[in-house]
Amino acid sequence: NITIQKIAAGEVIERPSSIVKELVENSLDAGADNITIEIKDGGKSYIRVTDNGDGIDGDDLSLAFMRHSTSKLSKAEDLYKIKSLGFRGEALASISHVSRVEVMTKTKDALGGVNALIEEGKILSQESIGCPKGTTMIVRDLFYNIPVRKDFLKSDLTESNQVSDIVYKVALGSLKTSFKFIKDNKIILNTSKNNNMKSHIYSILGKDFSKNLTEINFEENGVHVYGYISNNKLYRSNRSHQYIYINGRYVVDKSLSSVIENHYKSTIPLNRFPCFIIFLDLDPSNIDVNIHPTKQEIKFANETQVMEVMNKGIKEVLYPSLS
Ligand code: ADP
Ligand code: MG
């Protein structure tokens, strides 16, 4: 039933930025270390994500756009061992129900690539082309078939700011990948692969943020917490400069944020928030990433323990004499 599929898809795909997030996460899952993101008109008319990852085999293409089919799960129990970013097998299907998708892709071993057009979840055409290894997904005319959802989108500027936001967050969390972001034919972000977290932060967030950073690096009970708290522009009026990555994926987690915020309560004015970039690596079986369709929230098997490791990691650098 096309209508139900469209409604379901609309729940996963709220706006251009949700599409960009899903496509870029797929690129990272495919092992890409070079990703280009291009949008036009806030992403409403045009979104392109090009990567140099594994590519999709021509024979698997229709499967990739089928709901709940994913190459990232082989057994049910794998669900609890997910290391990759995406795993629900829903993104491409959903996107193809609310926009016109074009894909160009080639695997390492294939002689040539394929170019296909997909609409309403169905492959309209598929032909051979020459192209480099990797995948390009082009998403055109978002919500062309759901006018109410289209009307619900904000201005081009607001939508493109949301896309920028996601691109910056993902780029910041991916040290070993170079990102290029093009907005209405203008290059907005162009990062190269980096071995050094500090220069990576500098290249994305700029001088102000990266001038004076306190490094955190602590591990206990299989939970590794590392990253930086910014001392320079120490606080902001919102949490927009709080970046938390769990096993490499950007998440929003108020309880984890508050662990850090609590240490700064006495030094930062009311309603101001410290800025930080924190990575938490832990056994994926201890997290449930399947909690929210947009996957920015997370549930831990043992949240208290994770928060305690975070807390200790911060205390160690803020009050070194105590440890
Ligand atoms: P999921 O990421 O949850 O598996 P998606 O709908 O996002 O589901 O993607 C479906 C499948 O399409 C993936 O499992 C993967 O096999 C393939 N795929 C999607 N994007 C890419 C890409 N950029 N490179 C290689 N394979 C991809
Ligand atoms: Mg995915």
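Restricting attention to the range 286-302, does a residue exist that is modelled with pLDDT of 80 or more, part of a loop (DSSP other than H, G, I, E, B) and acidic (Asp, Glu)?
There is no residue in the range 286-302 that is modelled with pLDDT of 80 or more, part of a loop (DSSP other than H, G, I, E, B) and acidic (Asp, Glu).
If His224 satisfies every condition in (1) of a type outside the set (Ser, Thr, Tyr); (2) touching a residue at least 40 places away in the same chain (Cβ under 8 Å); (3) more than 19 Å from Gly313 (Cβ to Cβ) but one, which is the exception?
So the condition that His224 fails would be (3).
Mind checking whether some residue in the range 22-30 is within 15 Å of Thr177 (Cα to Cα), in the same structural domain as Lys180 (by TED's automatic domain parsing) and away from ligand 2 (no atom under 16 Å from the Cβ)?
no
In the range 204-230, what residues are of a type in the set (Gly, Ala, Ser) and either crowded, with 19+ Cβ neighbours inside 10 Å or assigned by TED's automatic domain parsing to the domain that holds Val49 (or both)?
Scanning the range 204-230 gives Ser210, Gly227, Ser230.
Only residues in the range 191-203 that are within 8 Å of Leu175 (Cβ to Cβ) count as the first member; pair them with residues that are among the hydrophobic types (A, V, I, L, M, F, W, C) and part of a loop (DSSP other than H, G, I, E, B), Cβ under 7 angstrom, at least 6 apart or cross-chain, and list the lot.
Listed by first residue and then by second, the contacts come to Asn194/Leu175; Met197/Leu175; His200/Leu175.
Is there a residue in the range 239-248 that is among the polar types (S, T, N, Q), surrounded by 14 or more Cβ atoms within 10 Å (Cβ to Cβ) and more than 26 Å from Lys312 (Cα to Cα)?
No, the conditions are met nowhere in the range 239-248.
Count, please, the residues in the range 204-221 that happen to be free of Cβ contacts under 8 Å to residues at least 12 places away in the same chain and aliphatic (A, V, I, L, M).
0
Conditions tested, residue by residue: (1) surrounded by fewer than 18 Cβ atoms within 10 Å (Cβ to Cβ); (2) over 30 Å from Ser240 (Cβ atoms).
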position	(1), (2)
Ser96	no, yes
Lys108	yes, yes
Thr158	yes, no
Val163	no, no
Ile182	yes, no
Ser199	yes, no
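Taking Leu175 and the conditions (1) within 26 Å of Lys299 (Cα to Cα); (2) surrounded by 20 or more Cβ atoms within 10 Å (Cβ to Cβ); (3) assigned by TED's automatic domain parsing to the domain that holds Glu14, which numbered condition does it fall short on, given that it satisfies the others?
Answer for Leu175: the failing condition is (2).
Quick check: is even one residue across the range 266-273 on the phi < 0 side of the Ramachandran plot and either among the aromatic types (Phe, Trp, Tyr) or buried (at least 18 other Cβ atoms within 10 Å of the Cβ) (or both)?
The answer is yes, given that some residue of the range 266-273 is on the phi < 0 side of the Ramachandran plot and either among the aromatic types (Phe, Trp, Tyr) or buried (at least 18 other Cβ atoms within 10 Å of the Cβ) (or both).
The values are calculated or read from the model by the stated rules, or taken from the named source; none is laboratory data. As the structure is a computational prediction, the values presented were derived from the model and not from experiment. Cβ: placed from backbone, ideal geometry, glycine included. Neighbour counts: every protein chain shown.
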